[in-house]
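A.B. asks: Would you mind keeping the following structure in view while I ask a few things?
The values are calculated or read from the model by the stated rules, or taken from the named source; none is laboratory data. In this text, all values refer to a predicted model and were calculated from it rather than measured experimentally. No Cβ is skipped: glycine too gets one built from the backbone with ideal geometry, and neighbour counts run over all protein chains shown.
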């Protein structure tokens, strides 16, 4: 949040658009989360959707260094997160 306050010098309508994008992607990501009896699935998908919105905003503002960092971190998390998931014994 502090980084956003430091680098953002736009107008109030721009801030509202950014707020709407972040809120909307959070809503869509919430729809990707499924709760079962003892399981929750889709949290990585929801986080990736939110990260994609952040990458798009970073590109729109020409902050390509943030875009590259977010892309690499998201890729690495999705690549290695499978190792940390617990397997359901019923499957």
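A.B. asks: So residue 84 passes all but one of these: (1) at pLDDT below 85; (2) more than 25 Å from residue 31 (Cα to Cα). Which condition number does it fail?
C.D. replies: It is condition (2) that residue 84 fails.
A.B. asks: Taking residue 70, is it at pLDDT 85 or above and surrounded by 10 or more Cβ atoms within 10 Å (Cβ to Cβ)?
C.D. replies: yes
A.B. asks: On to the next question. Which pairs have Cβ atoms under 8 Å, sit 6 or more apart or on different chains, and link a residue in the stretch 15-39 that is in contact (Cβ under 8 Å) with a residue 60 or more places away in the chain to one that is outside any helix (DSSP H, G or I)?
C.D. replies: The qualifying pairs do not exist here.
A.B. asks: What residue, among those in the stretch 29-55 that are loosely packed, with under 13 Cβ neighbours inside 10 Å and in contact with a helix residue (DSSP H, G or I) (Cβ under 9 Å, 6 or more places away or on another chain), is farthest from residue 74 (Cα to Cα)?
C.D. replies: Here the residue is 31.
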